Amino acid sequence: MQALRLARPRVPLRPFVRSIAATASAPHAAASPASSSSSSVLPLSNVEAQWERLSADEQLAVHQQLEEIQKKDWKTLSIDEKKAAYYVAFGPHGPRAPVNPPGSTMKVILGTSAGIIAALALFLSVRTLAAPPPKTISKEWEEAANQRALEQKMNPISGITSEGYSGKGFVTHK
């Protein structure tokens, strides 16, 4: 069975970092003289909780350490090493970070509600300030328009003056 290889991060981290990271079960290698004073032990037992707090250099060191660990037989890796490799490769960080952080759903709902309420208030205020409807939009005027259409014999084929017409004509009000 081929071991799962760790995907390279899409966001380039600082290259050529020489810091040492070791698992709790594996002894760490000797550090280079430039980084011996800043060497730190980063256990892989709880990478998920520590990942966001790690600096970019430390994240790169953990990434490189996991690449080396995964070159071994996958069956010999500890559960913590497998979890760390999976989290670093597929976890919700970097380009896979959630677009909407937790709690943003309520902000979206409240913002949308506020926008709808503001639009409704604007509509009602404009409606109350608007001029009254014209006198031609009344039931009496529409009935008079029907009488005028009958006098002029308007649309004798399919309209109001046709034989057997049963429609309301120009009347739209109840």
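Table for the structure above
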{"item": "Lone qualifier among Thr161, Thr112 - being among the hydroxyl-bearing types (Ser, Thr, Tyr), more than 30 Å from Ser45 (Cα to Cα), in contact (Cβ under 8 Å) with a residue 12 or more places away in the chain and not assigned by TED's automatic domain parsing to the domain that holds Ala49", "result": "Thr161"}
{"item": "All helices (runs of 4 or more DSSP H) inside region 44-106 with 1 or more residues being of a type in the set (Gly, Ala, Ser) and loosely packed, with under 10 Cβ neighbours inside 10 Å", "result": "47-50"}
{"item": "Scan of region 72-130 for residues that are touching a Leu at 6+ places or on another chain (Cβ under 8 Å) and farther than 19 Å from Glu48 by Cα, ordered by number", "result": "Trp74"}
{"item": "Qualifying residue in region 101-117 (condition: more than 30 Å from Leu66 (Cβ to Cβ), more than 22 Å from the chain's Cα centre (by Cα) and among the hydrophobic types (A, V, I, L, M, F, W, C))", "result": "yes"}
{"item": "Pair list, Cβ < 9 Å and 6+ apart or interchain, from region 124-135 residues that are in contact (Cβ under 8 Å) with a residue 24 or more places away in the chain to residues that are assigned to a helix (DSSP H, G or I) and of a type outside the set (Gly, Ala, Ser)", "result": "none"}
{"item": "Subset of region 148-174 that is basic (Lys, Arg) and within 19 Å of Ser138 (Cα to Cα) - its residue that is surrounded by the most Cβ atoms within 10 Å (Cβ to Cβ)", "result": "Lys168"}
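The values are calculated or read from the model by the stated rules, or taken from the named source; none is laboratory data. This structure is a prediction, so every number in the text was calculated from the model and none was measured. Ideal geometry is used to build each Cβ from the backbone, glycine not excepted, and the neighbour counts take in all protein chains shown.
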